[in-house]
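Worksheet: the structure to be examined is printed underneath.
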Amino acid sequence: MVKTYDLTLGNETKVMLKLTAPMIIGNLFQQLYNVADTIIVGRFIGPNALAAVGSSFSVMVLLNSIILGLCMGSSTVFSILYGAKEIDKLKNSYFISSCLIGLLTLVINFLALFFIDEILNLLNIPQAVWTDTKTYLQIILYGIIFTSAYNFFAAIMRSMGNTMIPLIFLIISAVINIILDIVFIVPFKMGVGGAAYATIIAQGVSSIGLAVYCIRKVPLIRLKRRHMKFDMNIAKMISNNSILSCIQQSVMNLGILMIQGLVNSFGVSVMAAFGAVVKIESFAYLPEQEFGNAFSIFIAQNHGAKKQGRIHNGIRSAVKIITIYGIAVSVLIILLAKPLMGIFVNPNETEILQIGTQYLFIVSIFYTLIGYLFMFYGLFRGMGRPEMSIILTIISLGTRVILAYALSAVSQIGLVGIWWSIPIGWALADMIGFYKIKKFNKV
């Protein structure tokens, strides 16, 4: 029988950090899926293939964000019911959530494959990398079902306070992915298709392995006939949280996709540089993102248990943790910007290196701001108010997209305008978030 943890007891800071640590490590290994593709593709195939993988990554982030949003919304409901000790309702929520997520995963997969050419046109993919981008994306799309299954079972485990089991299966699959990347691309010379096949095979291992483990080792997941029904109250609770979380994730990544389309209009060198810095950033503020997700679980369990005092203390601790980490990682990225770009790009690609380094010098200063934003997302999702996360996302991404297109059109500003639009969007959303927290703390 696997361990579960009650997050309504103990020191708030220690509880949150203990919950967060495996999630950070797990996401680090998950990022290795795409980073392994990027490094090996960039080194052994070339800049065009690197640009293709980078653009495909933006599309997959958008599509996966829909599934992730559904799972995150469901996890909030799981955590609230787990904190309130309502076991029958909790089991019923597993059944309803699995039906909703499974159905929407199939719809997303079909639509993405059917409209793949239109998606590539929307992204302004240059003809030079069109074929590679389409090949990579088509193969990766067949792995969406594995992403969905993994995130669903991981959401169940995390809602119980256990973040270690999902980590173990991610580590296994990440190692498989790296090995297959090298084998498929170097000796087998399968090109970008080899990198894509390596990724979906690794995702399949993690999702199937986690599902089998949970069914065998976690009695709470085993449902009886009475749990397999559509209770309208629970269905509404799951739908509200899941769909709104899904919208929030989709809006966030749609904005990122629009930025990717604008970046692509500047040519292959800028595409390749942006693809590299996105990978660097995915590691830089990954701990902040995962802390926000863990914070959401902490808040939801305590919200279900009606422990307002712990929620107030948790907010204060979260602000301190994010501030310290944000400052530290910003300094580190600024000092190591050039060596980090060198991991993804050959030294003779001087233009790509220069563009990527410029981006990091501007944006990395403000990583504390996005940390606060992830905290707000977790807080409002855990409180059962995902609509506030949508509002903050619209403010952040709306500002970023509008400024990016407006500033980049000015010849004296150009590409730098896109980079500066990012922290400005974070700052405006944070102002609203802190205002809401101030009101909440008075309750």
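Does Asn92 satisfy the condition of being in contact (Cβ under 8 Å) with a residue 12 or more places away in the chain, under 29 Å from Ile108 (Cα atoms), surrounded by fewer than 23 Cβ atoms within 10 Å (Cβ to Cβ) and of a type in the set (S, T, N, Q)? So Asn92 fails the test. Assess whether Ala149 counts as being among the small types (Gly, Ala, Ser), modelled with pLDDT of 90 or more and closer than 28 Å to Ala49 by Cα. Judged against the criteria, Ala149 is not a match.
Criterion applied to Asn264, Asn241 was being crowded, with 21+ Cβ neighbours inside 10 Å and under 17 Å from Ile66 (Cβ atoms), and the one residue passing it is Asn241. At least 1 residues being under 19 Å from Trp419 (Cβ atoms) is the threshold, and among the helices (runs of 4 or more DSSP H) wholly inside the stretch 284-381 those reaching it are 308-344, 350-363.
Among the residues of the stretch 360-369, none qualifies, meaning not one is closer than 24 Å to Ile243 by Cα, hydroxyl-bearing (Ser, Thr, Tyr) and under 19 Å from the mean Cα position of the chain (by Cα).
Taken over the stretch 295-309, the residue count meeting the criterion of being closer than 12 Å to Val15 by Cα and charged (D, E, K, R) is 0. Within the stretch 391-431, track down each residue that is among the β-branched types (Val, Ile, Thr) and touching a residue at least 24 places away in the same chain (Cβ under 8 Å). Those that are among the β-branched types (Val, Ile, Thr) and touching a residue at least 24 places away in the same chain (Cβ under 8 Å): Ile391, Thr393, Ile394, Ile395, Thr399, Val401, Val416, Ile418, Ile422, Ile424. With respect to (1) more than 25 Å from Ile66 (Cα to Cα); (2) crowded, with 16+ Cβ neighbours inside 10 Å; (3) in contact (Cβ under 8 Å) with a residue 40 or more places away in the chain; (4) of a type in the set (A, V, I, L, M, F, W, C), the lone exception for Phe434 is condition (2). The residue that is nearest to the chain's Cα centre (by Cα), counting only those in the stretch 132-144 that are buried (at least 19 other Cβ atoms within 10 Å of the Cβ) and assigned to a helix (DSSP H, G or I), is Ile144. Among the residues of the stretch 120-131, those identified as assigned to a helix (DSSP H, G or I) and surrounded by fewer than 20 Cβ atoms within 10 Å (Cβ to Cβ) are Leu120, Asn121, Leu122, Gln127, Ala128, Trp130, Thr131. When we screen Tyr197, Tyr213 for residues that are of a type in the set (Phe, Trp, Tyr), in contact (Cβ under 8 Å) with a residue 40 or more places away in the chain and under 26 Å from Asp132 (Cβ atoms), the only hit is Tyr197.
The values are calculated or read from the model by the stated rules, or taken from the named source; none is laboratory data. Since we're looking at a predicted model, the values are computed, not measured. Don't worry about glycine lacking a Cβ; one is built from the backbone with ideal geometry, like all the others, and counts go over all protein chains shown.
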